Amino acid sequence: MALPTYASPLERIWHYAYLVICTLIFIFLIAPILLVVPLSFNAEPYFSFTEKMLSFDPQGYSLRWYDTLLTLGHPAPDTVRDSTWWALVWERATWVQAAKNSFWVGLWATVLATVLGTIAALGLSRPEMPYRRLIMAILISPMIVPIIIIAVGMSFFYAQACVPPDSVFATLTGPFLSEKGCLANSHLGVIVAHAVLGIPFVIITVTATLSGFDQSLTRAAHSLGANPRVTFFKVVMPLILPGVISGALFAFVTSFDEVVAVLFIAGPAQQTIPRQMFNGIREAISPAILAVATILVIVSIALLASVELLRRRSERLRGMTPQ
Amino acid sequence: MTTATTELLKTADGRPLREALAAAQARSKRKAFWLVFPLLIFVLLTFLIPIGYMLKRSVEHDGFSKSSPTLTAWFQANSDFDHMNPPEAAFAALVTDLAQMQATKNTGMAGTRINYTVPGTISLFKKGAREAGDMQPPFKAALLTLDHAWGAPELWYAMEAAASKWTTDFYQVATDRKLTETGWQRGDDKQRIYLYLFFKTFLVSGIITVICMLLAFPVAHLLAVLPMSKSSLLMILVLLPFWTSLLVRTTAWIALLQEQGIVNDALVWMGVLSDEGRLSMMYNMTGTIIAMTHVLLPFMILPLYSVMRVIPPSYARAARSLGATSWTTFRRIYLPQTLPGIAAGSLLVFILAVGYYITPALVGGAEGQLISNLISFHMSKSNWSLAAALAAMLLAAILVLYWIYDRLVGIDRLKLG
């Protein structure tokens with residue numbers, strides 16, 4: 001943005017001051033996240049830069065905190081690192097278990113939220129949808145209602161939501177529920193809780209994509225003899241897919257970052273990365289947390305890049321100018 | 001000619017057109033509804049019913065009523081008894097129930113229920129229940145000799161209320177009212193912890209909203225006026241924090257702001273601070289406000305940006321050409337056009353801030369806790385009904401804000417990234 005030629009000296013000074021202010025705010029936004037990365041390579045158990053790190057002495061840096069992620073919870077961390085050692089990392093290491101739990105919970109929650117959310121968004125985008133505003137308000141509310149309220153409600157309800165141990169249902173749902181046959185302390189409980197938290201994001205992104213959707217395309221497909229199923233998969237789906245995928249990514253990140261519901265409804269078997277980090281920060285904060293944080297920053301950069309690419313693709317598909 | 005116009009319009013198969021249209025519309029309505037139906041059921045089961053359960057918990061507690069059938073019956077028969085001086089029959093009923101509690105090991109639960117409204121009664125109940133089996137009439141004298149506190153009118157008010165499993169007691173406690181000799185009274189001003197914390201939460205959320213607004217405005221404006229190629233690069237700086245894990249960002253602020261952290265180290269190194277004079281910016285309200293501002297700033301920038309981007313620059317130019325100064329142009333022409341963005345962003349940030357839990361829990365220390373943390377505290381102390389009552393009050397506040405947001409901004413205009 002250039003200054004107009006008629007700008008007075010005072011306006012020029014203000015203009016540069018304004019640019020400095022903006023730069024400072026951008027630094028405020030991004031610096032904390034970037035500072036985590038070099039700190040995670042600290043050779044000392046401190047949360048700040050040591051003298052050696054500042055003078056770029058290689059001895060000030062190490063990968064020991066990344067190593068901790070593999071050895072914490074390992075039954076024999078100091079033995080030779082052969083295939084058995086790595087197998088034990090995969091089976092026993094605390095952070096690896098947390099990562100596996102987070103991934104599976106996130107994946108199933110995302111699938112649930114995306115499938116249900118996309119179908120519902122298709123209905124909500126129809127002009128003839130009855131009570132549209134009210135239903136929309138209900139479906140968006142998991143994003144607005146404080147997570148602590150949701151978690152308290154779920155912890156009451158999931159402890160009661162059990163199947164009788166000797167019923168037919170118990171054999172069907174057994175593996176997904178806790179030992180007592182309840183939603184509390186079970187993987188399924190965490191998955192449905194995270195799915196409901198991800199639904200608003202799917203609804204918002206998919207309805208936004210559908211708002212630019214040209215309904216005459218479906219009519220054209222019908223008039224050319226396509227049945228509703230073919231129309232959906234061949235015409236509608238390819239066009240809204242970018243919106244669906246970015247909604248799914250939002251849902252996955254929501255689940256991957258969620259800790260309050262997990263704290264209230266999950267048992268020790270559902271240890272996730274955020275929960276492990278939360279406990280780590282509360283108890284003894286070690287740079288191992290920063291190593292995890294660095295990995296998560298890299299993951300979020302990858303996710304951001306994919307969402308941006310999808311957004312551009314979606315706008316191109318809908319005939320809008322790419323930005 | 002006259003007969004043709006008065007006749008109803010019909011479809012090809014001879015039905016009246018109006019009827020056919022209504023049927024078709026009803027069909028498409030049903031179709032649209034069936035698409036949303038599975039999700040509605042899912043949300044009902046996993047979200048609405050749990051919240052309903054929580055609301056029920058806030059008015060229900062059977063810890064005392066379950067194990068006091070005799071006293072409950074007596075209260076029902078004598079609803080207008082003198083609380084200052086309950087008759088012998090009431091004490092007789094109480095002793096019967098106490099003896100029963102001792103036998104079924106329910107004393108703790110019953111005492112805890114009364115303890116919520118009259119603190120310090122658990123031990124009273126335990127002692128009373130131990131002795132109740134051996135007591136002889138007159139029971140009133142026997143109990144009062146055991147402990148004079150059995151005659152306290154607030155205890156009898158509490159037991160009368162707790163004799164029913166449905167109660168508003170927890171809302172009374174959550175609004176800082178105290179049970180006294182004459183029933184529920186407004187509590188001492190110094191002991192108004194819950195309402196004070198609600199007030200503090202709203203105040204802190206307001207402060208954070210204002211800071212976010214002040215920080216977001218210049219940035220959103222810059223992003224809106226820069227050419228697209230440059231602004232999308234800068235946009236990454238806004239979106240990356242948005243996509244980064246909340247715990248990562250909170251951890252980063254701990255690393256920056258704690259006493260041995262980067263900011264303090266840098267200030268000491270530069271000689272601004274002495275080593276003893278390190279600032280305490282973490283584990284207090286300052287830490288909560290700084291970290292929450294950082295977390296919520298993108299939620300303010302994004303709605304502001306989407307409004308600012310479509311403001312035509314020609315209005316400002318017209319104002320300038322008509323002789324307005326740059327300040328007047330900003331105040332009278334530009335700022336009013338950004339108001340929808342300011343309203344949307346502020347409401348969203350405020351709503352999110354009021355219910356925040358993780359950041360205050362991790363960086364707030366003792367002083368920087370908000371209402372969510374108190375709810376969690378009561379959950380961990382198993383005082384579920386009080387936690388539920390506080391959560392219900394918070395929910396009511398949030399729903400009002402959500403309703404205002406819907407009126408002013410419209411939920412379907414919520415955008416992400």
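Read the figures in this text as sums done on the coordinates, not as results from a lab. A quick note: this is a predicted structure, and the numbers were derived from the prediction, not measured. Neighbour counts run over all protein chains shown; Cβ positions are idealised from the backbone, glycine included.
What the table shows:
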| quantity | calculated |
| --- | --- |
| Per-residue average of Cβ from other chains inside 10 Å of B:24-37 | 5 |
| Fraction of alpha-carbon pairs over 22 Å apart in the range B:260-388 - percent | 61 percent |
| Kirkwood Rh (inverse of mean 1/r, distinct Cα pairs), the range A:49-92, angstrom | 12.1 Å |
| Estimated 222 nm signal from helices in chain A, with DSSP H stretches of n ≥ 4 weighted -39500 (n - 2.57), rounded to 500 | -22500 deg cm²/dmol |
| Too-long pairs where the Cα-Cα distance tops 23 Å, listed order kept, from B:Lys105/B:Lys165; B:Lys56/B:Lys381; B:Lys29/B:Lys56; B:Lys56/B:Lys105; B:Lys66/B:Lys190 | B:Lys29/B:Lys56; B:Lys56/B:Lys105; B:Lys66/B:Lys190 |
| Normalised contact order of chain B, rounded percent, pairs of Cα under 8 Å and 6 or more residues apart | 16 percent |
| Net charge, A:Pro142 excluded, C-beta distance under 15 Å - Lys, Arg +1, Asp, Glu -1 | -2 |
| Computed Rg/Rh of the range A:116-267, alpha carbon atoms with Kirkwood Rh | 1.08 |
| Sites excluded, trypsin sites (Lys or Arg not before Pro) in DSSP loops with at most 11 other C-beta within 10 Å, longest stretch of chain B | B:106-380 |
| Within straight-line cross-link reach of B:Lys10, aspartates and glutamates at Cα separation under 18 Å, skipping those fewer than 8 residues along the same chain | B:Glu19 |
| Relative contact order of chain A, defined on C-alpha pairs under 8 angstrom at six or more residues apart (%) | 23 percent |
| Estimated [θ] at 222 nm from DSSP helical runs (n ≥ 4, -39500 (n - 2.57)) normalised by residues in chain B, nearest 500 | -21500 deg cm²/dmol |
| Charge dipole of the range A:181-323 about the Cα centre (unit charges at C-beta), most positive-ward option of A:Gln271, A:Leu217, A:Ser300 | A:Leu217 |
| Average projected area [Cα convex hull, the range B:2-58], square nanometres | 6.7 nm² |
| Rg(Cα) / (2.2 N^0.38 Å) computed for the range A:185-275, rounded to two decimals | 1.48 |
| Bins of 5 Å, starting at 0 and running to the largest distance - Cα pair percent for the range B:192-244 | 4, 17, 16, 16, 14, 10, 8, 7, 4, 2, 1 |
| √(5λ) per eigenvalue of the Cα gyration tensor, the range A:254-314, largest first, Å | 27, 16, 7 |
| P(r), alpha carbons of the range B:65-191 - 10 Å bins starting at zero, rounded % | 13, 47, 32, 7, 0 |
| Cα principal axis extents for chain B, largest first, Å | 98, 97, 39 |
| Quotient of Cα Rg and 2.2 N^0.38 Å for the protein assembly as shown, N being how many residues it contains | 1.15 |
| Sequence-separation-based contact order of the range A:219-323, relative, with Cα cut under 8 Å and 6+ spacing, percent | 33 percent |
| Partner aspartates and glutamates for A:Lys100 [C-alpha distance under 17 Å; skip if fewer than 8 residues away on the same chain] | A:Glu91, A:Asp257, A:Glu258 |
| Charge dipole magnitude, Cβ of K and R +1, D and E -1 - chain B, Cα centre, debye nearest 20 | 2080 debye |
| Largest-first ellipsoid semi-axes for chain A, taking √(5λ) over the Cα gyration tensor eigenvalues, angstrom | 39, 36, 19 |
| Share of Cα-Cα pairs in the range B:292-351 lying beyond 17 Å, as whole percent | 46 percent |
| Distant alpha-carbon pairs in the range B:193-413 (separation over 20 angstrom), percent | 67 percent |
| Principal semi-axes in Å for the range B:1-150 [√(5λ), Cα gyration tensor, largest first] | 70, 19, 11 |
| Given charges at Cβ of Lys, Arg, Asp, Glu: the protein assembly as shown dipole, positive-most of A:His187, B:Thr167, B:Phe81 | A:His187 |
| Cα-based Rg / Dmax (Å) for the range A:1-77 | 21.9, 74 |
